Amino acid sequence: QPKIVSSGSLVTVNGKPAISFDGSDNFLEVSGSSSDVSDEVAYSFSPSGDFGIFFVTKNVGGTSGNLIDSRDAGGDGIFVQQRSTASIRFKYNGESNLDVSAALNTQHFASLILNGTTLSASVDGGTAQTTTVTVGVDTTQNLIIGAGFNNLNFIDAEVQELIFYENSQSSNKSEIETEIDNFYSIS
């Protein structure tokens, strides 16, 4: 499990609480086996329709690691990875990578939006990169936060926020990002 307290003190980034993943064996898995979360898991983490994901994270190790992964061995699902090449990689349904620049050891906010067949990703409110994807996934994997679907590629990062929407939030993207940026004082 990742830490929320280290040496008796709350883990923070810029004075706001964070969850600290150590890059070697920490991850969280959202299982669909519980009756109170099965509908949310079936929809939110293996969407077959539009979605919006917003997050705040700081890569602290300067290494590659998976932040979000719901892919199975077939590659379908959602994938977000902090890369050691100073970028964040976004992927959906095993299709083209969207690599967006994101300095290492720096706090960032980012978004991943599927609107129809257009997947768009942006970091720190910058211009979104887009690609056309085949919609609908059939993943058999639970959502993993902090590692890959195969329990490898652990992230060395402090994660402050992960928001999943059941629709694209395209019309609200700017406002959501402004509120996140204002609260976390990133830019």
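The values are calculated or read from the model by the stated rules, or taken from the named source; none is laboratory data. Keep in mind the model is a prediction, meaning the values are calculated, not measured. Here Cβ is always computed from backbone atoms with ideal geometry, including for glycine, and neighbour counts include all displayed protein chains. SASA here: full protein model, heavy atoms, side chains in, ligands and nucleic acids out. Shrake-Rupley method; radii C 1.70, N 1.55, O 1.52, S 1.80 Å.
Summary table below
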quantity	calculated
Condition broken by residue 139, with the remaining ones in (1) among the hydroxyl-bearing types (Ser, Thr, Tyr); (2) more than 20 Å from residue 29 (Cα to Cα); (3) open to solvent by less than 50 Å² (accessible area, probe 1.4 Å) satisfied	(2)
Enumeration of residues in the range 142-187 that are surrounded by fewer than 16 Cβ atoms within 10 Å (Cβ to Cβ), at pLDDT 95 or above and closer than 21 Å to residue 4 by Cα	183
Any hit, the range 158-177, residues being of a type outside the set (D, E, K, R) and closer than 15 Å to residue 81 by Cβ	yes
Candidate set from the range 3-16 (those that are part of a strand (DSSP E or B) and over 16 Å from residue 145 (Cβ atoms)); member that is least open to solvent (accessible area, probe 1.4 Å)	13
